[in-house]
Amino acid sequence: MKIADALKAGPCYSFEFFPPRSEEAERNLATAIRELAPLAPAYVSVTYGAGGSTRDRTHDLVVEILRDTGITPMAHLTCACHSRQELVDVVTRYRDAGIENILALGGDPPADSDQPPGELKYASELVDLIRGVGDFSIGVAAHPEPHPHSPSIEEDRRRTAEKLSKADFAVTQFFFDARHYFDLVESMHALGVDKPVIAGIMPATSMRSITRMSELQGSEFPRELAAKLEAAEPDGPEAVHRVGVEEATRLCRELLDRGAPGLHFFTLNRSMATREIYEALGL
Ligand code: FAD
């Protein structure tokens, strides 16, 4: 199934996983996939370690998901540190394995790496390369807040519109205030691009990890949300988790009510928060 076709049929719900690094992590992921499969996601996606650190593990997991669960998978792929030929080889292998969906990303070269930067600089070049290899449905990343390396929000919106006009859909970085998402979508429309923009959802179920990830991604962690989580902290991690799920559910409801074409859950290879949000939304 091509994700672009699924999006034409109505809102798409999807889950993101990363390739596990140990046997225990593999077992945890298998449990998460088993528990999330009954929610019948439109697709699930598997991240890629920039610089190629998970090249085979991402490939194998994507192919296993298709073979063993029948769920539509999407492979992430990043330009960083790869030659053009290496990227063609990765994409060709997916095509030959029957994979139909790829998320084309710029990626960030690993901080401690001495690898060369790579032949392709931006995700939009990877979209062109993938189109040359096969008939894929291609997604790209979009940054509601915007991308932390951009000189200005206007410049980032313009670059995102150029990239999205060549791709089939976008998946956003996570955000906690729906205003950022709708501002991005309105900017795309103003720039003449009306491809679907799927909202990336990261439930804030732990103060420490969410603060660190927000800093890394340039996502604002609203004071009001932080205060609610802090107020729950004395009652323990389960209370914080509950508040995080309630707040994420509220955000998802607003996004769906105002016409978002899909929600993409960054699961961190765990199923609980996503299942609870699904239930609260009545999906
Ligand atoms: P690009 O589209 O390449 O843009 C990067 C920057 O360059 C932006 O500031 C943009 O405005 C600017 N730019 C774009 N085109 C041009 C141009 N032609 N000229 C000048 N400037 C330009 N990372 C991973 O390593 N692995 C993953 O699996 C992964 N999955 C992700 C999934 C999602 C949903 C999201 C939102 C991000 C993911 N990332 C992943 C992170 C991503 O790789 C980083 O955010 C990276 O820094 C930028 O990637 P991009 O594809 O958004 O960048």
Open item on the list: With the structure loaded, tell me whether Lys166 is within 15 Å of the ligand (Cβ to nearest atom) and within 27 Å of Leu263 (Cβ to Cβ) or whether it fails that test.
Closed with: yes
- [ ] Please find, among Glu247, Glu220, Glu186, the residue that is under 26 Å from Gly107 (Cα atoms) and in contact with a helix residue (DSSP H, G or I) (Cβ under 9 Å, 6 or more places away or on another chain).
- [x] Glu220
- [ ] Examine region 146-158 for a residue that is more than 21 Å from Thr47 (Cα to Cα), touching a residue at least 24 places away in the same chain (Cβ under 8 Å) and assigned to a helix (DSSP H, G or I), and state whether such a residue exists.
- [x] yes
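How many of the residues in region 75-120 are on the phi > 0 side of the Ramachandran plot, open to solvent by 20 Å² or more (accessible area, probe 1.4 Å) and more than 19 Å from the chain's Cα centre (by Cα)?
Looking only at that region, the number is 2.
Which residue out of Ser14, Ser22 is under 19 Å from the mean Cα position of the chain (by Cα) and not β-branched (Val, Ile, Thr)?
Ser14
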Open item on the list: Among the residues that make up region 198-211, is at least one of them more than 23 Å from Arg157 (Cα to Cα), more than 16 Å from the ligand (Cβ to nearest atom), modelled with pLDDT under 95 and charged (D, E, K, R)?
Closed with: yes
TODO: For Glu125, state whether it is within 15 Å of the ligand (Cβ to nearest atom), assigned to a helix (DSSP H, G or I), open to solvent by 30 Å² or more (accessible area, probe 1.4 Å) and charged (D, E, K, R).
DONE: yes
Task: Conditions (1) more than 28 Å from Leu283 (Cβ to Cβ); (2) out of contact with any Gly (no Cβ under 6 Å at 6 or more places or on another chain); number of the one not met by Thr78 - done: (2)
Open item on the list: So, restricting to helices (runs of 4 or more DSSP H) that lie completely within region 1-74, which ones have at least 1 residues that are away from the ligand (no atom under 15 Å from the Cβ), open to solvent by 20 Å² or more (accessible area, probe 1.4 Å) and over 30 Å from Leu120 (Cβ atoms)?
Closed with: 23-36, 55-69
Task: Sole exception among (1) closer than 24 Å to Leu164 by Cα; (2) within 13 Å of the ligand (Cβ to nearest atom) for Arg84, by number - done: (2)
TODO: Take the residues in region 224-283 that are over 26 Å from Leu184 (Cα atoms) and in a loop (DSSP other than H, G, I, E, B), then tell me which one is farthest from the ligand (Cβ to nearest atom).
DONE: Gly236
Task: Positions within region 159-178 being within 16 Å of Ile130 (Cβ to Cβ), touching a strand residue (DSSP E or B) at 6+ places or on another chain (Cβ under 9 Å) and not in a loop (DSSP other than H, G, I, E, B), in sequence order - done: Lys163, Leu164, Lys166, Phe169, Ala170, Val171
TODO: Output the residue which, of all residues in region 134-152 that are buried (at least 17 other Cβ atoms within 10 Å of the Cβ) and more than 10 Å from the ligand (Cβ to nearest atom), is farthest from Ala4 (Cα to Cα).
DONE: Glu145
Open item on the list: Tell me the residue from Ala239, Ala231 that is among the aliphatic types (A, V, I, L, M), more than 22 Å from Val46 (Cα to Cα), open to solvent by 60 Å² or more (accessible area, probe 1.4 Å) and without any contact (Cβ under 8 Å) to a residue 40 or more places away in the chain, please.
Closed with: Ala231
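The values are calculated or read from the model by the stated rules, or taken from the named source; none is laboratory data. All values reported here derive from a predicted model rather than from experimental measurement. All Cβ positions, glycine included, derive from the backbone under ideal geometry; neighbour counts span all protein chains shown. The protein model used for the area step is the full one, side chains on, heavy atoms only, and it has no ligands, DNA or RNA in it. Shrake-Rupley method; radii C 1.70, N 1.55, O 1.52, S 1.80 Å.
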